[in-house]
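What follows draws every value from the coordinates through simple rules; no lab data is involved. Given the structure is predicted, the values throughout are model-derived calculations rather than measurements. Note that each Cβ is placed from the backbone with ideal geometry, even for glycine, and that neighbours are counted across all protein chains shown.
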Amino acid sequence: MELEQTPVVDVTEMKQLHEFHSALPEQADRTEIPSGGPVIVSDGFCLYYGPKAGVRDITMDIYPRAVTAIIGPSGCGKSTFLRSINRMNDLIPHTRATGRLAVNGQDVYDKRVNLVNLRQQVGMVFQRPNPFPKSIYDNIAYGPRLQGIRKRSRLDEIVEKCLHDAALWEEAKDELKKSALALSGGQQQRLCIARALATGPKVLLMDEPCSALDPVATGRIEELIRKLKTDYTIVIVTHNMQQAARVSDQTAFFCLGDLIEYGMTRDVFTNPQNKQTEDYITGRFG
Amino acid sequence: MAELQERLEKVVLRLDLMGMRVEQALADALRAIKDGDVEAGQRVDLHDSVIDREEVEIEQECIRLLALYQPAAIDLRTICTIIKVNSDLERIADLAASIGKRTKHVVEDGIDFSRYDSFDSLTETTTDTLGRTVRTLRASNTTGAQGVIDSDDLIDESYRLFVRSVLDTESKKTGGVEAAMTMINVAKALERTGDLCTNIAEDIIFLRTGDIIRHADAFDEQTT
């Protein structure tokens, strides 16, 4: 005789829960390299300050729609490498690059590269917010104007979009003529991100973007980074291990100018393959 | 040495000590039940509260370390492992206490474990496995951990043999069902101890390698 089964759980409720769970965003920590080829390819790249190497033989691929964190002790070459991507190091005398460093297939150290175009493609956000002593509007419109955009309605559109993308629109929409210097530190940094977005870059470089910010402002920038990675390739240098673990998909550990380990962030922070990486992220050295 | 590492070292030592206490508790409980020493069995049960307190304190310290230091890599794996092993050790201590408590019934019902060779085999395999688990934990040794995992099959086999012989023998006696129940419950506690030793060994392998080997079959099925 077959027994009639009495359901012990509400099947409809179970289905709803399952659907709710399925609709939740994917887990934050990526388990694999994003699809598509790399946007930045570094192949045996070295950068010298006079006779001294700032970074040596760096070979790594940086992927789109992902955040790549570069960590390492002071003087390890992480900022040197970051600044090499849009040739900011050219401003320092006696620098010399060897090997290959390409963005979207173009070797950035090729003599034919137009630096202005390169820096429009590869935006940068610095440690301290550095807005121009101009209005909020003019800070963002500055780059597009240099690109030759003069039409007011087009500039309005760009300013609004960039402020939206940088999560600053709601706070700034009624004060676009106000001096950017009147904003708080966190707002100024988001304005700098909006300014970097205004030239339509593919890559955003961030050199310790939260080191001058309080925890609340830091949280907002981190949230912004996570949002921006759906459209941009982001490379961030940070001294804050927890920040690297929180925001990045891949992590590269540099030490004394060398790339020691590069892998998925969740692996690097739970089970690094290299002893030096382990010692650094657990605070045993550095 | 960084403060986190110092505090971690201390908590690792506390866990080692807890492992030794649990090993002692099981040995005492088994001696009590074999010798029919009701008082010794009660002592194991009373001592369980010391292990319970220690478990809570170890867990509290782990939570503090997670909150205060945001550990990564080996430090993070060490804390996660301690939390899990701590809980498993405490459960083994509970099983030892339950064996200790049963000594009273064993004496009252006139149960004689010495008539069953398979019980000796079960107790020896289980105490040996627990001892190796505690030593493997101390040395954080993956080879030893694999040995512990392999021993679980021996414990399971001894358990099956013992249950079979108890059922065969006791069912023929008047009032044998109650005695059989008591004996099987004691044996079940030993079989569970083997399972918990396996859990601990798997956690030791995670600590050393970062690999979670538990339920590997389920993941293999998913990928094929």
Helix-only [θ] at 222 nm, the protein assembly as shown, -39500 (n - 2.57) per DSSP H run of 4+, per residue, nearest 500, equals -19500 deg cm²/dmol
Efficiency by 1/(1 + (r/R0)^6): what FRET value for A:Val9 and A:Ala212, r their Cβ-Cβ distance, R0 = 56 Å, to the nearest 0.05? 0.60
What whole number of Å gives the distance from the Cα centroid of segment B:116-147 to the Cα centroid of segment A:181-196? 62 Å
If every alpha-carbon in the protein assembly as shown counts as one equal scatterer, what log10 I(q)/I(0) does Debye give at q = 0.10, 0.11 1/Å? -0.90, -0.99
Spin-label proximity, B:Glu6 to segment B:48-77 - amide N less than 13 Å from point 7 Å beyond Cα toward beta carbon: none
Within a Cβ distance under 14 Å of B:Ile212, other residues only, what is the Lys/Arg minus Asp/Glu net charge? -1
Can you check what the net charge comes to around A:Ser179, using other residues whose Cβ is under 13 Å from the Cβ of A:Ser179 (Lys, Arg +1; Asp, Glu -1)? +1
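What FRET efficiency, computed as 1/(1 + (r/R0)^6) with R0 = 30 Å and r the Cβ-Cβ distance, is obtained for A:Lys275 and B:Arg135, rounded to the nearest 0.05?
Working: r = 26 Å, r/R0 = 0.86.
According to the calculation, E is roughly 0.70.
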Least to most buried among A:Leu101, A:Leu115 (fewest other Cβ within 10 Å first): A:Leu115, A:Leu101
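What is chain B's relative contact order, in percent, from Cα pairs under 8 angstrom and six or more apart in sequence? It would help to have the intermediate numbers written out before the result.
Details: 273 pairs, mean separation 56.3, N = 224.
Rounded, it is 25 percent for chain B.
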What is the sum of charges, Lys and Arg at +1 and Asp and Glu at -1, for the other residues whose Cβ falls under 13 Å from the Cβ of A:Tyr49? +3
May I ask you to derive the FRET efficiency for B:Arg214 and A:Glu170 from their Cβ-Cβ distance with R0 = 45 Å, giving the value to the nearest 0.05? 0.45
Mind listing P(r) for segment B:3-212? All alpha-carbon pairs, 10 Å bins, whole percents. 9, 33, 31, 17, 8, 2, 0
Cα gyration tensor of chain A, axes a ≥ b ≥ c as square roots of the eigenvalues: rounded (a/c below 1.5), prolate (a/b > b/c) or oblate? oblate
Quick check: Cα centre of segment A:220-286 to Cα centre of segment B:151-224, how many Å? 43 Å
Between A:Phe20 and B:Ser49, what is the spin-label point distance in nm, taking each point 7 Å from the Cα along the Cα→C-beta axis? 4.2 nm
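For segment A:78-174, what does the relative contact order come out to in percent, with C-alpha contacts under 8 Å and a separation of six or more? Don't jump to the answer; show the numbers that get you there.
Numbers: 42 pairs, mean separation 16.3, N = 97.
Normalised by residue count, the contact order of segment A:78-174 is 17 percent.
Shape verdict for segment A:65-219, please, from the Cα gyration tensor: rounded (a/c under 1.5), prolate (a/b greater than b/c) or oblate.
Numbers: a/c = 2.19, a/b = 1.38, b/c = 1.58.
Note, shape of segment A:65-219 comes out oblate.
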Run the dipole for the protein assembly as shown about the Cα centre, Lys and Arg Cβ at +1, Asp and Glu Cβ at -1, nothing else charged, and hand back the magnitude in debye, nearest 20. 3960 debye
What relative contact order, as a whole-number percentage, does chain A give when Cα pairs under 8 Å and 6 or more residues apart are counted? 26 percent
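Past the 30 Å Cα-Cα mark, which pairs from A:Lys227/B:Lys10; A:Lys227/A:Lys275; A:Lys52/A:Lys227; A:Lys78/A:Lys202? Walk me through the intermediate numbers first.
On the way: A:Lys227/B:Lys10 42 Å; A:Lys227/A:Lys275 33 Å; A:Lys52/A:Lys227 38 Å; A:Lys78/A:Lys202 20 Å.
Correct reply: A:Lys227/B:Lys10; A:Lys227/A:Lys275; A:Lys52/A:Lys227.
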Which value in nm describes the separation of the simple spin-label points at A:Asp110 and A:Ile149, placed 7 Å from the Cα toward the beta carbon? 2.6 nm
Go through A:Val108, A:Gln188, A:Asn130 and say which Cα lies farthest out towards the positive end of the charge dipole of segment A:73-216; charges sit on Cβ, +1 for Lys and Arg, -1 for Asp and Glu. A:Val108
